[in-house]
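What follows is a short report on a single structure.
The values are calculated or read from the model by the stated rules, or taken from the named source; none is laboratory data. Since this is a predicted model, take the numbers as computed values, not measurements. Note that each Cβ is placed from the backbone with ideal geometry, even for glycine, and that neighbours are counted across all protein chains shown.
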Amino acid sequence: MIIFSTLGPRGSNHHFVLGQYLAAHGLAHAARITLFDDFHSGARALIAGEADYLLQCAVHPAAAEITGTYRREMAVVDAFISPSQPMALVQARDGREGAGKVGVQPATQSYADLSAWPDVVHEPTVLAVQSGLEEGRYGAGIVFASFAASRAERFEVIEPIGTVCDAWIVYGRAAIDEGRAVVRKDSPVARQFRQRVGGLPERG
């Protein structure tokens, strides 16, 4: 069984996208998922052989640090694009809860206009933002749309964001690039390239 790891907890966007990736490869029943609290722990586990692959969103604040810090022990072996879970900017119906504070995971901060809140507080995950809203520490936050839908009596959506398509990185212990670019020549965008230049044969 192949062991894939990523950032937890269960239900996080990383966990969600890893499930999509495994399903696309037909590996859902042949893989085990291990979740970590931070990417340094995930990288060390990969290097130690406790996992076979590690998934990280390319826009995660720790992406450059992880790629650089462990470049001698692990390598990028795949990259792909995938939409997130649907997201939304929500606020508490009781205006007294967390007044003036909006919680965000840093990578999501530009998804909505937050100028109405003087205090923008960063959390490590979207799920942590949701916990902050439930605990009354924030008056608003960028969270998964399902959070507001399941708690409509306490929270309302003030700006639907929808899904956001990001780039994702898969790390392994053995480099595969052999000093050259590794690209998927039959990808949807490769077909767009051929259509734009005209006259080149379709591949695959």
*Between a first residue in the stretch 174-187 that is closer than 14 Å to A79 by Cβ and a second residue that is of a type in the set (A, V, I, L, M) and surrounded by 10 or more Cβ atoms within 10 Å (Cβ to Cβ), which pairs have beta carbons less than 6 Å apart while being 6 or more apart in sequence or on different chains?*
A175/A75; I176/V77
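When you go through S131, S115 one by one, which is the residue that is within 20 Å of P61 (Cβ to Cβ) and not acidic (D, E)? Walk me through it before giving the result.
On the way: S115 fails: within 20 Å of P61 (Cβ to Cβ).
Exactly one of S131, S115 is within 20 Å of P61 (Cβ to Cβ) and not acidic (D, E), namely S131.
Find the helices (runs of 4 or more DSSP H) located wholly in the stretch 1-105 whose residues include 3 or more that are under 21 Å from S146 (Cβ atoms), and list them.
13-24
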_Enumeration of residues in the stretch 66-85 that are farther than 27 Å from K185 by Cβ, free of Cβ contacts under 8 Å to residues at least 24 places away in the same chain and of a type outside the set (G, A, S)_ = R72
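Regarding the stretch 159-174, can at least one residue be identified that is of a type in the set (G, A, S), surrounded by fewer than 17 Cβ atoms within 10 Å (Cβ to Cβ) and not in a strand (DSSP E or B)?
Step one: of the stretch 159-174, the residues of a type in the set (G, A, S) are 162, 167, 172, 174.
Okay, now just the ones that are also surrounded by fewer than 17 Cβ atoms within 10 Å (Cβ to Cβ), so 162, 167, 172, 174.
Those still in the list that are not in a strand (DSSP E or B) too: 174.
The answer is yes, given that some residue of the stretch 159-174 is of a type in the set (G, A, S), surrounded by fewer than 17 Cβ atoms within 10 Å (Cβ to Cβ) and not in a strand (DSSP E or B).
Those residues that are under 22 Å from I2 (Cα atoms) and not basic (K, R), I need them from the stretch 151-173; list them, please.
Taking the stretch 151-173 as the starting set, the residues that turn out to be under 22 Å from I2 (Cα atoms) are 168-173.
Answer for the stretch 151-173, where residues must be under 22 Å from I2 (Cα atoms) and not basic (K, R): W168, I169, V170, Y171, G172.
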*Quick one: would you say D119 is under 13 Å from V104 (Cβ atoms), charged (D, E, K, R) and surrounded by fewer than 16 Cβ atoms within 10 Å (Cβ to Cβ)?*
yes
_On the basis of being touching a strand residue (DSSP E or B) at 6+ places or on another chain (Cβ under 8 Å) and either within 30 Å of A43 (Cα to Cα) or exposed (fewer than 15 other Cβ atoms within 10 Å of the Cβ) (or both), does F144 make the cut?_
yes
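Pick out the one residue from R184, R151, R180 that is surrounded by fewer than 16 Cβ atoms within 10 Å (Cβ to Cβ), basic (K, R), at pLDDT 95 or above and part of a loop (DSSP other than H, G, I, E, B). Explain how you work it out, then say what you get.
On the way: R184 fails: at pLDDT 95 or above; R151 fails: surrounded by fewer than 16 Cβ atoms within 10 Å (Cβ to Cβ).
Answer to the check: R180.
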*Hits in the stretch 86-116 (condition: surrounded by 19 or more Cβ atoms within 10 Å (Cβ to Cβ) and touching a residue at least 60 places away in the same chain (Cβ under 8 Å))*: M87, A88, L89, V90, Q91, A92
